[in-house]
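Okay, so here's the structure we're looking at.
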Amino acid sequence: MAEFSDLSVSLEQLGFIIIKAREFDVKEGVTEPDPGSNPTDDGQGAVLEDHGDDPVRAELVGFIHAMNEDERADLVALAWLGRGDGELADWDELRAQALQEHNKRTASYLLGMPMLADYLEEGLAQFDESIEDVEAEHL
């Protein structure tokens, strides 16, 4: 049976990704592409829109790209586990598949999952782990 200590990715890394993925997931479609006014006058509403130069996306992509291959494979396998693509007993197979399908687009793939934060948290829960302590540090 797989244990959390077998994973290459740390709880702190997962906590950061989950927190940022939540920020990214709340983004809405762009309602006014070129408002031509001061963001302060607009109530900073554009920060909640999914612009191409979104700093949260850039931060997440940079963070995931900086991870090594094993960490990225664990991240993908954990998302799949949380999504219900397997059971904890299937961890070795999920991870092997994530390694086999590894490419340079891991960040884009993961950010394309609308419920990435939820999937990662559910995957962690199957390992009897949580990011509650990590979240408390960031609040």
Q: Within the stretch 63-76, track down each residue that is open to solvent by less than 80 Å² (accessible area, probe 1.4 Å) and either basic (Lys, Arg) or free of Cβ contacts under 8 Å to residues at least 40 places away in the same chain (or both).
A: ARG72, VAL76
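Out of curiosity, is GLN126 loosely packed, with under 12 Cβ neighbours inside 10 Å and at negative phi? Before the answer, list the steps.
Numbers: loosely packed, with under 12 Cβ neighbours inside 10 Å: no; at negative phi: yes.
Against the criterion (loosely packed, with under 12 Cβ neighbours inside 10 Å and at negative phi), GLN126 does not qualify.
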(Q) With the requirement that a residue be open to solvent by less than 10 Å² (accessible area, probe 1.4 Å) and more than 17 Å from GLU3 (Cβ to Cβ), what does the stretch 77-99 give you? (A) ALA79, ALA98
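The values are calculated or read from the model by the stated rules, or taken from the named source; none is laboratory data. All values derive from a computational prediction rather than experimental measurement. Neighbour counts run over all protein chains shown; Cβ positions are idealised from the backbone, glycine included. What goes into the accessible areas is simple: the full protein's heavy atoms, side chains included, and nothing from ligands, DNA or RNA. Shrake-Rupley method; radii C 1.70, N 1.55, O 1.52, S 1.80 Å.
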